[in-house]
Amino acid sequence: MKISNVLVLILVLLYISASTEWPTHTVCKEDNLEIYYKSCDPHQDFAFSIDRCSDISTHTFNIRAAILLRHSIKELYVKLNLIINGKTVLTYSETLCEPGLSKLIFCGKKKGEHLYYEGPVTLGIKEIPQGDYVVSAELTNEDQDTVACAYITVKNYLDYD
């Protein structure tokens, strides 16, 4: 009886570890706006939510995000790609953490620590143009290890004209 339980557990763990794709999570789905995200890190998913998607139109809204660190963060780099109709139209990268320059509160966190952020975010744009967009975001540390990776899909059906 105990051997069969161990075999079932091993099979379940093999099945889970063989899966390299995480589910697509719905952040919001309202009349004119849909936002989804999916982790592109085959080893780890993360949590993300927006309090009220209708607040996005005010340019400042509250979010919650959480992840368990698989790698320490002495240095942290972000690379963002804006993809429209399958084509990358904008690429942006920035250093977020490095010795003597810490733009974020979690710079210096260690492997195994739980990161959690709850609070306001302000968009640097006046409105999200009508259309379908994918934002690819990857955070890497000083060893080029993936700290977090996501595909964020935004579908805005609202015409501001």
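Key figures
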| item | result |
| --- | --- |
| Residues (in a loop (DSSP other than H, G, I, E, B) and either surrounded by 12 or more Cβ atoms within 10 Å (Cβ to Cβ) or touching a residue at least 60 places away in the same chain (Cβ under 8 Å) (or both)) located in the range 122-146 | Leu123, Ile125, Lys126, Glu127, Ile128, Pro129, Gln130, Glu142, Asp143, Asp145 |
| Single residue of the range 104-159 satisfying the filter (touching a Lys or Arg at 6+ places or on another chain (Cβ under 9 Å) and among the aromatic types (Phe, Trp, Tyr)) that is modelled with the highest pLDDT | Tyr151 |
| Matching entry among Ser57, Ser72 (being modelled with pLDDT under 80 and of a type outside the set (A, V, I, L, M)) | Ser57 |
| Inter-residue pairs, beta-carbon under 6 Å, first farther than 15 Å from Ala148 by Cβ and in the range 96-116, second at pLDDT 80 or above, 6+ apart | Glu98/Glu75; Lys103/Leu96; Lys110/Ser72 |
| Test set (1) open to solvent by less than 70 Å² (accessible area, probe 1.4 Å); (2) among the hydroxyl-bearing types (Ser, Thr, Tyr); (3) without any contact (Cβ under 8 Å) to a residue 40 or more places away in the chain - Thr58 fails condition number | (1) |
| Pick from the range 23-37, criterion modelled with pLDDT of 90 or more and outside any strand (DSSP E or B), ranking: farthest from Ile63 (Cα to Cα) | Pro23 |
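The values are calculated or read from the model by the stated rules, or taken from the named source; none is laboratory data. As the structure is a prediction and not an experimental result, all values here were calculated from the model. Reconstructed Cβ throughout: ideal geometry from the backbone, glycine too, with neighbour counts over all protein chains shown. Ligands, DNA and RNA are excluded from the accessible area calculation, which covers all protein heavy atoms including side chains. Shrake-Rupley method; radii C 1.70, N 1.55, O 1.52, S 1.80 Å.
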